[in-house]
Amino acid sequence: MSKTGMSRRSLLKTAAIGSMAAGGGTALNMAAPGTALAIARPLPASWDETWDVIVVGSGFSGLAAAAEAAALGAKTVMLEKMPTYGGNSIINGGVFAAWDDKWHYREKLNLGADSPQQHAEDFLRGGDYYNIPELCKTVAEGAVDALNWCIDEGGAQVRPTVTRAGGHTAYRTHAAKSGVGREYTEALRKIAAKLNVAPTLNSEVSWIWRADADPKSPVLGVEVKRGRRVLNLKAERAVVLASGGFSRNVEMRVAHNPQLVAEYNCTNHPGATGEIHKYAQAVGADTLQMNFIQLYPFAEPETGLLDAMAVYPFNGPGYGIVYVTKAGKRFVSELERRDVCAAVQIKMGKEAKPTFSIFNDAMVVPMGGDPQEVEEGLKNQRFVKADTIAELADKIKVPAAALVDTIAKHNQYLKDGKDPEFNKPITKAMITMEKGPFYGVAQWPAVHFCMGGLRINAKAQVIDIFGSPIPKLFAAGEVTGGIHGSNRLGSNSTPTCIVFGRIAGRAAGRAV
Ligand SMILES: Cc1cc2nc3c(=O)[nH]c(=O)nc-3n(C[C@H](O)[C@H](O)[C@H](O)COP(=O)(O)OP(=O)(O)OC[C@H]3O[C@@H](n4cnc5c(N)ncnc54)[C@H](O)[C@@H]3O)c2cc1C
């Protein structure tokens with residue numbers, strides 16, 4: 001009971017009802033309308049299925065959680081609302097930040113120093129120190145083991161190089177051999193399958209059951225829609241939320257960040273709609289930083305697609321890729337963070353769309369590219385190729401004299417070790433564009449990633465609005481907030497999802 005004589009449960013209910021009247025604002029209000037009614041929803045009279053652990057979602061975080069829970073002997077179900085598994089993870093660009101790997105590529109390629117501390121510090125600086133330091137440290141420390149787990153236990157393959165991407169201070173970004181996140185989702189799916197867990201498709205979680213929002217009250221299970229059937233599943237040990245972000249839910253993203261209107265393209269899979277955030281809030285979960293939503297500056301300009309070709313601009317900066325406007329001029333330091341790049345593009349206005357990345361053949365393999373992929377890019381007209389910069393300029397309809405001048409100046413900056421235009425830190429690994437063939441790829445920002453979400457602690461426990469862990473409720477991956485602060489550095493989500501998925505799965509498997 002509080003000093004006012006109200007129990008936390010009645011406070012929650014009052015807050016919810018009050019917020020409905022007031023039209024929204026605090027964490028619980030997110031679920032209005034229907035929140036107060038929902039909290040009062042009677043628990044199911046009986047359960048249709050009983051599991052030890054229920055995992056919601058089958059991306060990196062759900063797969064990792066399910067595998068770890070099952071490894072502890074927990075009878076585990078992994079629920080996926082879509083007809084296919086993998087969410088954003090399976091279409092992801094395959095880049096994975098880890099300060100080391102089992103082959104020690106960075107060291108072998110003489111690409112400078114790195115450490116878990118440096119990686120954690122980059123998380124924080126890249127997120128403007130809005131991040132929760134303990135969570136960043138947990139990811140930076142667990143990333144190498146998570147990568148090696150996918151390789152050793154799941155058969156994932158990575159390309160024999162590492163890149164330095166925007167906002168990172170070290171060469172630590174690993175690229176999947178296949179160039180897509182499927183490399184790791186398949187690895188994780190195989191690890192889970194060995195333990196007899198597979199995603200149960202077409203199973204949409206439509207409620208989280210908790211007797212009430214008293215801090216001692218555990219989560220009991222979930223409601224699931226399967227076709228026309230509505231089932232109630234009991235979780236003896238715990239529920240893990242691994243349902244991803246909400247970039248595809250225009251109403252929800254605009255409610256938090258009014259600039260991100262429907263006119264923006266989106267890189268995400270159609271199921272990134274965020275309803276699980278609301279169900280969690282309705283049972284007392286706290287959220288944070290929901291307004292921090294990231295744009296990917298290098299998506300295909302017309303569709304927002306983030307295909308393998310859209311990853312080259314991201315992987316290229318550490319090896320000398322150059323970003324130019326339609327006028328053939330650089331507009332930002334290529335080693336800048338995504339939010340900085342995208343903000344400059346947006347500020348230039350729609351008439352500036354698209355901008356381009358320019359690179360040459362010598363950069364392809366070092367920056368984690370693949371000659372066969374380049375051929376595919378040319379075939380599907382995502383990449384444009386030419387023997388000279390002037391010819392490339394003509395092909396992408398950029399003034400030739402301006403582009404020739406820009407690239408010549410940039411070559412000189414690399415030789416001088418100084419970029420007087422944008423103060424980009426120059427490294428020895430950067431390659432001058434003196435020899436062709438040269439390539440261009442068009443790019444423009446699209447809504448990409450939700451930095452905000454459910455509040456968790458380093459044990460992946462979901463925290464309620466009073467600051468206590470909600471018993472038997474864990475969360476991992478993009479559904480959570482506070483790890484990336486105001487801006488996620490590219491390639492940091494894959495390790496975040498797998499590291500926290502594993503922590504959540506182990507904790508759920510043990511919970512009683
Ligand atoms: C195109 C693209 C490329 C990217 N590339 C990279 C990259 O190279 N490196 C990097 O670090 N990050 C990248 N990211 C970000 C990263 O891929 C995601 O943040 C990450 O995959 C999220 O994983 P997750 O497990 O949290 O969620 P997801 O992989 O999205 O999985 C969540 C799953 O939960 C399901 N679900 C949602 N609601 C329900 C419900 N009510 N009931 C049942 N199931 C539900 C969804 O359908 C989905 O399958 C990329 C993102 C995109 C969109």
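The values are calculated or read from the model by the stated rules, or taken from the named source; none is laboratory data. What you are looking at is a predicted structure, and each value in this text was computed from that prediction instead of being measured. Glycine also receives a Cβ, built like all others from the backbone with ideal geometry; neighbour counts cover every protein chain displayed. Keep in mind that these areas ignore ligands, DNA and RNA; they rest on the heavy atoms of the full protein, side chains included. Shrake-Rupley method; radii C 1.70, N 1.55, O 1.52, S 1.80 Å.
Brief remarks on what is shown
- 26 Å Cα-Cα threshold exceeded, pairs from Lys216/Lys278; Lys395/Lys418; Lys326/Lys428; Lys347/Lys397; Lys379/Lys435: Lys395/Lys418; Lys326/Lys428
- Rounded to 10°, Cα long-axis angle of helix 400-416 versus longest principal axis of the chain: 80
- Estimated from the Cβ-Cβ distance and a Förster radius of 45 angstrom, the FRET efficiency linking Ala255 and Glu141 is about 0.80.
- Size of electric dipole in the chain: Cβ of Lys, Arg +1 and of Asp, Glu -1, about Cα centre, debye, nearest 20: 1020
- With protein chains left intact and a 1.4 Å probe, residues in the chain average 39 Å² of accessible area per residue.
- For region 107-179 and region 224-249, distance of Cα centres in Å: 30
- Length gained when the stretch Gln118-Glu49 is fully extended (0.36 nm per residue, less Cα-Cα span): 20.2 nm
- Beta-bridge orientation, the chain: approximately 70 percent antiparallel, per DSSP, counting only bridges with both partners inside.
- Separation of alpha-carbon centers, region 263-317 and region 375-437, rounded to whole Å: 29
- Neighbour net charge for Trp209 - beta-carbon separation under 9 angstrom, K R +1, D E -1: +2
- Accessible-area rank, largest first, for Val441, Val250, Val144: Val250, Val144, Val441, with all protein chains present and a 1.4 angstrom probe.
- Note on Asp394 and Gln372: with the Förster distance fixed at 22 Å, the Cβ-Cβ geometry gives a FRET efficiency of about 0.25.
- Neighbourhood net charge (12 Å Cβ-Cβ; Lys/Arg +1, Asp/Glu -1) for Leu454: -1
- Cross-link partners of Lys75 among lysines (Cα-Cα below 22 Å; sequence separation of 8 or more within a chain): Lys190, Lys194, Lys225, Lys234, Lys459, Lys472
- Gyration tensor verdict on the chain (Cα atoms; rounded if a/c is under 1.5, prolate if a/b is larger than b/c, oblate otherwise): prolate
- The share of accessible area on the chain that comes from carbon and sulfur is 54 percent, using a 1.4 angstrom probe.
- Length available on full extension from Glu107 to Ser468: 0.36 nm per residue minus the Cα-Cα distance, which gives 125.7 nm.
- Formal net charge of residues neighbouring Ile321 (Cβ-Cβ distance under 12 Å; K, R +1; D, E -1): +2
- Lys225-Lys350 FRET efficiency (beta carbon distance; Förster radius 41 Å; 0.05 resolution): 0.55
- Against the main long axis of the alpha-carbon atoms of the chain, helix 8-22 sits at an angle near 60°.
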